[in-house]
1. Scanning region 35-51 for residues that are within 8 Å of the chain's Cα centre (by Cα) and under 13 Å from C13 (Cα atoms), which turns out modelled with the highest pLDDT?
2. How do the pairs read when you match residues in region 14-28 that are touching a residue at least 60 places away in the same chain (Cβ under 8 Å) with residues anywhere that are exposed (fewer than 10 other Cβ atoms within 10 Å of the Cβ), using Cβ under 7 Å and keeping only pairs 6 or more apart or on different chains?
Amino acid sequence: MDNRDYYSDHKYCQSCQKYVSYLMSMDHSYCIECGERVKLFSEQDWVNFNDTLTRQKPKGGRPRKQRGKESA
Ligand SMILES: [Zn+2]
């Protein structure tokens with residue numbers, strides 16, 4: 001498996017429904033196969049990516065108060 005750079009060389013074309021080689025212009029990148037604008041990730045990959053980020057956030061809850069024994 002030697003596709004470590006795959007995602008840096010390819011972007012997702014919604015029209016072709018796959019990762020494609022692309023042409024860079026000033027603001028956007030375009031699929032070399034159909035000319036549609038391409039994105040860095042597919043929708044699904046983007047969702048997964050954000051999901052992973054969200055899950056990796058440490059739970060920042062307030063520390064629980066230790067309740068001592070209440071004497072009556
Ligand atoms: Zn395309």
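1. The qualifying residue modelled with the highest pLDDT is D45.
2. none
The values are calculated or read from the model by the stated rules, or taken from the named source; none is laboratory data. Everything numeric in this text was worked out from a predicted model, so none of it was measured. With ideal geometry, Cβ positions are generated from the backbone for all residues, glycine too; neighbour counts draw on all protein chains shown.
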